[in-house]
Each structure stands twice: as C-alpha cells, then as structure tokens.
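Chemist: One structure, pasted below without further comment.
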Amino acid sequence: MELPRRARGDELLRPGELLGLRQRLRNSARRHDLTTVIACAFDHRTRMLPFIYADTRMAPAGVRAIGAAMLDCGFDKTRIVLQQWNRHFRPSRMRLDGRIPDIFMVSSMQIHSAQCEALIRDACQIDPVHRPLIIAGGPKTIYEPWDVFSGDPLDPWGADVAVTGEEYVLLSLLEVLLSLRADDESPRSTFMRVRNSGTLDEIPGLVYARTDREGVAEELVDTGVQRLLGDLDELPRPVLGYQLLEPPSWKATLAPQALPASRVRKYSPIGSLVLTLGCKFNCPYCPIPAYNQRQYRVKSGQRVAAEMAQLGREYGLHYFFGADDNFFNNEERTLEILETLAHTKIDGVPVRRKIRWATEVTVHDTLKLKEHLPLARHAGIRALWIGVEDMTATLVKKGQSVDKTTEAFGLLQRCGISPMPMMMHHDAQPLVTRGPKPYGLLNQARLLRKAGAISLQVLMITPATGSKQYAEAFTSGLAYESVGGRRVEPHMMDANYVVASEHKQPWKKQLNIMAAYLYFYNPPRFLLALVRPKSKLYLADALMQLAGMCGLMQTIRRTLGWAVRLMRGDIQRKTTVPASRIPMRSADGATASHALPGMPPAELVQLNVESPAPSRAD
C-alpha cells in the first residue's frame, strides 16, 4: 500500500529551509554536550547474489547522511556503527567519550528488521535512568513504523520515536527537544515530557507511542507524511559521514576513535552518493514514486563534482555508485550533471581518468539519451545497472522490448560502458522457451550476455512494502506464512527466496533462479572472459565472473534447502496484511498516514502519563 500524497504544492520544503535549520542547530549545539551513536542494522543471512561484496564494501549512504547531518550541526561526538563490520556490537555496552550516549539511532531495511529489533531490545536493557533516547529510522521504519514498538505488557521494549522521513525530520525533532531541554536533563527525559505535551505533532514524519508503562505502547501517534527536500544541494557534505565510521571489529564495545581516514578506502573502496531521487515510471511493485511524492529531486553538477573530488582527496575513493532511482529520468537535469563532470578536472586531471562510477537507469531512458552516451563515458560512467525486468515486457512495461534492450546494450558497450541488467522472475515465466520469442529466463539471460552484459541480477517478484501490490499480495493469499514448518522471516524478503507465488510447483521458480545464475556465472565463461571479454574495461568481465561464482555458492547454500521445502509442500498462506497490533491514529485523531488495512483503529484517549523530572543521574 503506497504512502498517501500530501496536498498538491505542499510536497516539498521551501528553498533554504534545511539550510536555516542546520544553522540554528549549530548555534544550539554549543550549549549541549551530546553524544550520539548511529547503528546500521544488518542481517548476515542476506549475504548472497546479487548483493554480495557491495553489501560489506560500500558504507551505506543512509546512515552516513544522518551522521553527516549531526556533525554538520555541531554534534561532533557521533559514531556510526555498521553491523556489516561489527556484527557483535551491543548497544548496552557502548560508551562514547567515556559515557553512555545521549542518543542511540538505528537504521534498518525490511530484510534486516530482526537485527534492528535485537539492537533496540539490547539498548532497552540499559537502566532507564541512563538510557539514551532511542530513535528508529530507515526504509523499514518509513513504511512499517509500528514494528519498532511493543504493545505486549509481558515483553516491554521499543524505540522512543520512529522517524519516517529524511534528515530534515530528524533535525527538526532535535531542534524542538534542545529548545525545551532543561539544564542537566537527558534528551530522553526531555522527549517524554515534550511528547506528552503534543509539541511533536507539528513535525510531519514522526511516529511515537503514548503509554503509561515503560516500554509498552498503548497507542501510536502518526504526525503524517514528511515534506521532502527539493534541492539536494542543501544536504550536508557526505565527506563528513566518513569521519564517523566505527572501525571493523569482533568486539561488542566501541573503539576509542573512529576509523582513520587512511583506512576508509580499505574497508569501503566504493563510495555511495545520492545524486538524484525519483522515477517517472509507476510500476505496481515499486514504492519509489509514492515515497518521492511523484517528485524528481537532484543535485547540481557542480555539487556532484565537488563531492567526488573531495572524497577522492581525503579518502582516496575513486569508485562511486549513484544511489539513484533512475539517473536518466530527466534529460535536462541529467545532461547538466554529465556535462559538468565531463569538463571537470581533479588536480589537473580530467574526471574520466580519476573517477569511475555507476548508477541505475532504464532501457527506455537510455535510448532517449543515446546521442549523449559518449558524454556519459567522458563524465566517468563505466557501468549502468539497467532495470530490464522482463525483455518481452510481459511482467511490466517500461518502454523495453527485446530489440530495444539489445540496441541499448550495444550502444553502451561501444561507448565503453558496461550494461548490468536487473531481471525479475515471475510465475508465468518458464525457464526455457522454443521459438522466436525469447520468453524463457535462460533465453533472456543468453541474449543479455550476447548483447554485452557482464553481470546479471535475477530476483523473484516479491511483495515490497510501500508498493501498490503489497496489501493485495496478502489478502489474495499470494504470500506465504510458512513452508514445511519454517516461517517466512524478514531476511527472506530480499527476493532471493520464493515467498509469494501461485505456481503449482514453486520449487521450480527457486531452482530457475539458480539455473539462470549458473548459466551466466561459471568457470568456462570466466576463462572465455579472460580471452574475449565483453567489457572494454580491463579484466572487468573476468572479475565479475569471479564475484558472481562466489556469490552463487552462497545463494545455493542459503536457498537450496528452501527449494526442498517448497518441493515437499505444506505451504501455509497469509490472508491478512502484516499490520500493527497497536492502535494507531494521526495527531488529530483521524486515520494514520502509515496505517495499513486491518490495523486496529485508535481513539483519542487520555493516558495517565507522568512527565519525568528534568534531571539526569550521572
């Protein structure tokens, strides 16, 4: 179920609003000696194709953006902990600047929600007198904020507040809390006092619990859908986030210092950068257009060039991935970025010789910009992940076809840009077909390889939170509850597992994905890539084959057992949408913006909440 749209004309912040907020917080931060830890939840059971390598070798942009915002606003005692690198990290044992942090933030995707809950639960073990303010955020919380709260009196735990928006929402929350914070009062005590006064209801993008019992939410208050930042140049510089990374370790505690600049490249050789946000297509399985309020948001070419140059100088980063939804979405804005980069020199050297970067596009938009693909090459682009989905456009139509896909791939290859197709497998698609129409999964994998693809991504279409099809996938009985006695867990919602299907033999769908990867990544193809590579980039094809074979071993190891269960049967299906068991309402008592069908209604109730005294025990 998609996020509702704000009133037309009210989707975006006014120009300069984020800049003004950042400046006000800088002035306020001087009076507050706050320490903050930001954790990125990560479930290591998700380590398989097509995410393996990038999942641990590219520090995520989301938590770095939050860290950069905190540091930019004057909160320099901030640390970013990636569970990718610190899987044994325990919030209950964290100490920063010799004390328990004032604020603990957790960011999570849906597939990592089990680890997100574990982190919050562990933080709740800290004595309430010293407990930090716990803030949950990230993609999981944007669409399902109720999952970070507990309504069970026998199992009290939970975040203090969920941020269902971006940096502006978090910084607005901090501004309100710091403006009302008493001397020596902990941020959590301030929050509880301010929460009960209704002051937070004026900040769109928050969900908080009202309760009279510690750790038990009796109802959730949703302040609505966030306003979005329109001009991405107003964001803090991403270089700041890299200063805050916790060094990789097997310890449960924090290191005395953040990861030195000289070691950042060793652990995160690929830098992820937000360049543009939004997509003009409206695919029913994708939540991106609704999240972006049907807006397209970009950074200027000068800002992009400056960020790449600064990260290169300070951390030695030369490889970047654009965290775009569809970089070619708007021709005018795309060309402005490409032309700026193509004419930029870093230390007297053209960008194309210093920087290598990649991003995501579509077949349709690639062909629209086919005359400008050489410019993209001069701007430093060396690979494009392309949402092909299904070459025959049977699953979804985004202007692609067999001929158009082949043409786009050929154009990219001739320009020295490697096409990296992203495919979606579905119930109606067989493994192999005969005849002129390449409908089969292997037929399409063969055509893509022949057209110049050096990598392949094949995922099973799966219900995605925030998409049009999400609720229907459960109410129609498409989604599985359990298979062979094993429940479908959050980490299995990464589209590598068949967890929603009407196929009579769903195990075939699971094996089809393995077969497609085996066809594309194998030793003979690796040896051939050494002699006749598909890419003009030196050894890129062979290296992708090696990475693919390593990832395939993990994919088979983790999903083969699931295929066996699917083969044996005993599939239990869901009939209701996963929704909050805690009553949820908007700030004015109406239906909550983040509510799903089947969620219990909430009424305006008067809870017996006592405001904590404005003090803090040391």
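Values in this text are rule-based calculations from the coordinates and carry no lab data. What you see is a predicted model; the values in this text were computed from it and never measured. Using ideal geometry, Cβ is built from the backbone for each residue, glycine included, and neighbour counts are taken over all protein chains shown.
Chemist: So what are the ³J(HN,Hα) numbers for region 357-367, from phi and the Karplus equation (6.51, -1.76, 1.60; θ = phi - 60°), rounded to whole Hz, Gly and Pro as x?
Modeler: 9, 9, 6, 10, 9, 10, 4, 4, 6, 5, 5
Chemist: Please work out whether region 470-575 counts as rounded, prolate or oblate from its C-alpha gyration tensor, where a ≥ b ≥ c are the square roots of the eigenvalues and a/c under 1.5 means rounded, while otherwise a/b larger than b/c means prolate and anything else oblate?
Modeler: Working: a/c = 3.15, a/b = 2.57, b/c = 1.23.
Here region 470-575 falls in the prolate category.
Chemist: Regarding region 87-163, what is the average projected area of its C-alpha convex hull, in nm²? Walk me through the numbers on the way to the answer.
Modeler: On the way: hull surface 21.2 nm².
Over every viewing direction, the Cα hull of region 87-163 projects on average to 5.3 nm².
Chemist: Grab the beta carbon distance between Leu527 and Gln125, set R0 = 35 Å, and tell me the FRET efficiency rounded to 0.05. Display every interim value, and only then the final one.
Modeler: Working: r = 54 Å, r/R0 = 1.53.
In this case the efficiency is close to 0.05.
Chemist: Just to be sure I understand the curve: with the Debye formula and one point per C-alpha of the chain, what is log10 I(q)/I(0) at q = 0.08, 0.12 Å⁻¹?
Modeler: With no solvent term, the Cα-only Debye profile gives -0.58, -1.35.
Chemist: Arrange the following residues from fewest to most other Cβ atoms within 10 Å of their Cβ: Phe281, Phe520.
Modeler: Values: Phe281 18, Phe520 26.
Exposure proxy ranking, most exposed first: Phe281, Phe520.
Chemist: Between Glu314 and Tyr53, what's the calculated FRET efficiency when r is the beta-carbon distance and R0 is 25 Å? Round to 0.05.
Modeler: Details: r = 24 Å, r/R0 = 0.95.
About 0.60, to the nearest 0.05.
Chemist: Quick query: amide H of Glu219 versus all other amide H atoms, modeled in the peptide plane; which residues come in under 5 Å with a sequence gap of 5 or more or a different chain?
Modeler: Arg210
Chemist: Report the Cα-based extents of region 190-260 along its three principal axes, largest first, to the nearest Å.
Modeler: 43, 38, 19
Chemist: Which lysines, on any chain, are close to Lys468 with Cα under 21 Å apart, when same-chain ones fewer than 8 places away are left out?
Modeler: Once the sequence-local lysines are set aside, what remains near Lys468 is Lys140, Lys280, Lys397, Lys398, Lys574.
Chemist: How would you order 159-169, 310-320 from highest to lowest mean count of nearby Cβ atoms within 10 Å? Walk me through the intermediate numbers first.
Modeler: Details: 159-169: 25.1, 310-320: 17.9.
Sorting 159-169, 310-320 by mean packing, highest first, produces 159-169, 310-320.
Chemist: With viscosity set to 0.692 mPa s at 37 °C, what whole-number translational diffusion coefficient in µm²/s follows for region 116-204 from Stokes-Einstein and a Kirkwood radius over Cα pairs? List each step's numbers first, then the result.
Modeler: Details: Rh = 13.8 Å.
Answer from the Stokes-Einstein relation: 237 µm²/s.
Chemist: Same structure again: To the nearest 500 deg cm²/dmol, what mean residue ellipticity at 222 nm is calculated for the chain from DSSP H runs of n ≥ 4 alone, each contributing -39,500 (n - 2.57), summed and divided by the residues?
Modeler: That calculation yields -10000 deg cm²/dmol at 222 nm.
Chemist: Unpartnered cysteines of the chain (Cβ-Cβ under 4.7 Å counts as a partner)?
Modeler: Cys40, Cys73, Cys116, Cys124, Cys279, Cys415, Cys550
Chemist: Right, next: Pull out the extension gain between His503 and Met553, defined as 0.36 nm times the separation in residues minus the alpha carbon to alpha carbon distance; nm, one decimal. If you can, show how the numbers build up before the last one.
Modeler: On the way: separation 50, 0.36 × 50 = 18.00 nm, distance 2.58 nm.
Here the segment from His503 to Met553 would lengthen by 15.4 nm.
Chemist: Run the numbers on the chain and let me know its relative contact order in percent, using alpha-carbon pairs under 8 Å that are six or more apart.
Modeler: Here the relative contact order equals 16 percent.
Chemist: So what are the ³J(HN,Hα) numbers for region 288-294, from phi and the Karplus equation (6.51, -1.76, 1.60; θ = phi - 60°), rounded to whole Hz, Gly and Pro as x?
Modeler: Using θ = phi - 60°, the values come out as 4, x, 5, 4, 7, 6, 6 Hz.
Chemist: What is the mean projected area of the alpha carbon convex hull for region 203-349, to one decimal in square nanometres? It would help to have the intermediate numbers written out before the result.
Modeler: Working: hull surface 52.9 nm².
For region 203-349, averaging the hull's shadow over all directions gives 13.2 nm².
Chemist: Compute the Kirkwood hydrodynamic radius of region 344-472, taking the inverse of the mean of 1/r over all pairs of distinct Cα atoms, and give it in Å to one decimal. Intermediate results must be reported in sequence, preceding the final value.
Modeler: Values: mean 1/r = 0.0634 Å⁻¹.
Over region 344-472, the inverse of the mean reciprocal pair distance is 15.8 Å.
Chemist: Now a separate question. Taking every DSSP beta bridge that has both residues in the chain, what percent is antiparallel when rounded to the nearest 5? If you can, show how the numbers build up before the last one.
Modeler: Working: 20 of 66 bridges.
Taking every DSSP beta bridge within the chain, about 30 percent pair in antiparallel fashion.
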